[in-house]
Amino acid sequence: MKKVALITGSATGLGKRTAIELAKNGIDIVLNYVHSSEAAKETSHYISETYGVRSVAVQADINLLKDIKKLVNHTYSVMGRIDILVHNAGPYIREKKKMSDYTFDEWNSIINGNLNSVFYLSKEVLPLMRLNKWGRMITIGFDRVETAPAWKFRSAYAAAKSGAASLTKTLAIEEAENGITVNMVCPGDIQCKYKEMNIEDVRGKSDPNNPVGRTGTGEDIARVISFLCHEDSDFITGSVISVTGGNDVLNKH
C-alpha cells in the first residue's frame, strides 16, 4: 500500500513544492490550507494528474485544536493511514518588532502556530503511525535554531521554533522504538518567488549574497525532506539540518 503524507500549509510555497517532491516518489498527498482554497485544489489536481497518486485538499487552521482534529480525522477517513507528517505551516510576522512591542494576540498566534500546533498534530497522528510501526515526522526551523540563538526583532518566532527543535529531538528519542523518525529541516532565506521553483530554474543566475553563488529554491528544501522520508533513512532521527547555501540567516535581517 502507498504511503500517505500530510503536509500543512501546502497550497503554495515550500509546502506545495514538498508535496510535489513526495508525489514524485509515489506517495499519496493530503494538502492543507486555511484560505487558499482554489490554489489548494489546483495543486491537488496537478499532483494527481501528473504523478498518478491520490491527492486531496483539506481546510484547517493549525492554530486551532478542533481544526487539527478535523484535519487528521478527515485524512484518515479518506486515505486510511498517515505515514508522513510535515509541519510546514507556521505564522510569521515580517515587521521587525522588539518583544515589548508585540501584542498578546500576536505573541500567542506565533507560539500556537509554530510550537503548540506541533504538539497538537503529533499527538493526533502518532497513534496512527504506531499502528504501522513506521512513520516520518518533519518539523521546520531556522538556521542554528537548535542552539536557541538570539534573533533580534524575531523573538516570538525564534522562541517558538527553538521550542520545536527541542520537542523534535525529544520525540525522536521517545518514538524510535515505534519505527518513527523525527527531524527538523531549516530553510535559508528563500524569497517567496523562489519557494516553488526547481534548482534548474536558478542555475547560472548569480546571487552575490549567498556563499554558494545562487539563491535557494523550494526544491532544495523539498529534496532534503524527501530524503528524510525515505525507507532507508531510518538511522537519521533527532537531527536539525540547515539548508542555507552557507548564508547567515540570523545576521542578515
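Tally Lys/Arg at +1 and Asp/Glu at -1 over every other residue whose Cβ is under 11 Å from the Cβ of K161; what's the total? Mind showing how you got there, number by number?
Numbers: positive: R144, R154; negative: D143, E146.
Counting the neighbours of K161, the net charge comes to 0.
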Point to revise | Long-range HN-HN contacts of M137 with modeled amide H, under 5 Å | key: L85, T181, V182, N183
Check your understanding: In the structure shown, do any of K3/K133; K41/K195; K97/K161; K24/K66; K123/K152 have a Cα-Cα gap over 22 Å, and if so which?
Key -> K24/K66; K123/K152
Practice item. Pick out the long, greasy-scoring helices in the chain: whole DSSP H runs spanning 20 Å or more along their own axis by Cα, mean Kyte-Doolittle at least -0.5. Key: 65-79, 117-132, 155-175
Study note, to complete from the structure: Reduced to Cα centres, the span from region 190-235 to region 2-45 in Å works out to 17 Å
Point to revise | Burial ranking of peptide ranges 12-18, 55-61 (average Cβ count within 10 Å, highest at the top) | key: 12-18, 55-61
Review point. Which far-off residues, 5 or more places away or on another chain, put their amide H under 5 Å from the one on C186, with H placed in the peptide plane?
Key: G141, I241, S242, V243
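At 37 °C and a viscosity of 0.692 mPa s, what translational diffusion coefficient does Stokes-Einstein give for region 4-243, taking Rh as the Kirkwood radius over Cα pairs? Give it in µm²/s as a whole number.
On the way: Rh = 18.0 Å.
In µm²/s, the coefficient rounds to 182.
Values quoted throughout were computed directly from the atomic coordinates according to the rules given, and no laboratory measurement underlies them. Predicted model, so just to flag it, every value in this text is computed and none were measured. So basically every Cβ, Gly included, is an ideal-geometry build from the backbone, and we count neighbours across all protein chains shown.
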